[in-house]
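The values are calculated or read from the model by the stated rules, or taken from the named source; none is laboratory data. Being a predicted model, the structure only gives us computed values, none of them experimental. Cβ placement follows ideal geometry from the backbone for every residue including glycine, while neighbour counts extend to all protein chains displayed. Surface areas here come from the heavy atoms of the whole protein model, side chains and all, with no ligands, DNA or RNA. Shrake-Rupley method; radii C 1.70, N 1.55, O 1.52, S 1.80 Å.
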Amino acid sequence: MDKKTNIIFAIETSCDDTALAIIANHKIIANEVLTFNDDHKKYGGIIPELAARNHAKHLNDLGKKILNQVNLKWEDIDKIAYTAKPGLPGCLHTGKVYAKSLAFLLNKELIPIDHMIGHAFSFSIDKQEEIDYPFICLDASGGHTIIYLFNSLTDYSILNQSVDDAVGECLDKIGRILNLPYPGGINIDKIYDESKTNIKMIAHHQPSDNFSFSGLKTYVSNLVNSLKMKHQEIDIVSIASSAQKWCIDDLIRKVKYYISLNPNVKFLAVGGGVSANSLLRKELKLLPIKSLLSDKKYSGDNAAMIANIADIIVNSRNN
């Protein structure tokens, strides 16, 4: 492969998935994600130290694997990008050490990336169209729930963000309360039934209030405990469906609010693991603005989004 194709090797280790990707000529040519759900589900959630050890164990072999997939050598890499924040400290540190070691040994530029900005621009992966600013972005994941306003790649502001549990974290915890398989949020979505969203949950916050999902989680926990103590039936589908609807309604209400305050935005970008939620995708189609979502394979944690935003950053220097 021609060395002038700006080959970027990207590393994503913010949480429990070990992910590497390579981008060349603005196109993802390799993308691998190792998941370790079986290691964590016995504990009902992610164990940070275990996740960091898994990264350390698999990063180098996975790196060799994706290079072989596209017939590249380490010397062919032009730049190294890695997730610098936010995430689990031990996991981030493991990825950073790997990235810095590669950059030092290969004498290549090191590009630290904000994980959430990677999610925000994941709609543009493998798309050749120029990004049309300004746009609003809903970043909804297991660790964060944020609404951004992007006037450019570097000129952006946070309009709203979660102050406690993120929406994905809340749904995962509710799934655990209901004894659904891990991860809970995905399995809540699988059993979602619109006709059974009949359980009244807590009142919604004002659209201008910060995202807050811990109250819903506590409400569901108390509801389930109360039903157990009274030896009453626990309708898992109704509780799960009602909770998911509450969460998605909250996301949509706030997105509508900020769109109304910024009528000049060109589109709504949606990224993060919760962007794969079927109810959210359905509701987004009803908004009075075009929604651009990442492909489902890029909605969770992955290195393709890290490679993509690094490529956008590098390309912006040349324009």
Please report, in debye to the nearest 20, how large the charge dipole of the stretch 202-319 is about its Cα centre when each Lys and Arg carries +1 at its beta carbon and each Asp and Glu carries -1 there.
240
What does the charge add up to near Ser122, with Lys and Arg as +1, Asp and Glu as -1, over the other residues with Cβ less than 12 Å from its Cβ?
-2
Normalised by the number of residues in the chain, what is the relative contact order in percent for Cα pairs under 8 Å and 6+ residues apart?
23
Compute the distance from the alpha-carbon center of the stretch 176-193 to that of the stretch 8-55, in whole Å.
22
Of all the accessible heavy-atom surface of the stretch 116-170, with the other protein chains kept in place and a 1.4 Å probe, what percent is carbon and sulfur?
47
I need the trypsin sites (Lys or Arg not before Pro) found in the stretch 1-67, filtered to DSSP loop residues with at most 15 other beta carbons within 10 Å of theirs.
Lys42
What's the angle, to the nearest 10 degrees (0 to 90), between helix 48-69's Cα axis and the longest principal axis of the chain?
40
Residues of the stretch 145-304: accessible area per residue at 1.4 Å, in Å²?
46
Restricting the stretch 237-286 to trypsin sites (Lys or Arg not before Pro) in coil, as DSSP defines it, with at most 11 other Cβ within 10 Å
Lys285
Contact order normalised by length for the stretch 163-319, with contacts defined as Cα pairs under 8 Å and 6 or more residues apart; what percent is it?
22
With no solvent and one equal point scatterer per Cα, compute the Debye intensity ratio I(q)/I(0) for the stretch 171-319 at 0.09, 0.10, 0.19, 0.21 Å⁻¹ and report its log10, rounded to two decimals.
-0.36, -0.44, -1.23, -1.37
Between the stretch 247-293 and the stretch 146-173, the alpha-carbon center distance in angstrom
12
State, as an integer percentage, the relative contact order of the stretch 24-179 based on alpha-carbon contacts under 8 Å between residues 6 or more apart.
16
Residue of Thr18, Thr145, Thr154 that the Gaussian network model of the chain assigns the largest fluctuation, springs spanning Cα pairs under 10 Å
Thr154
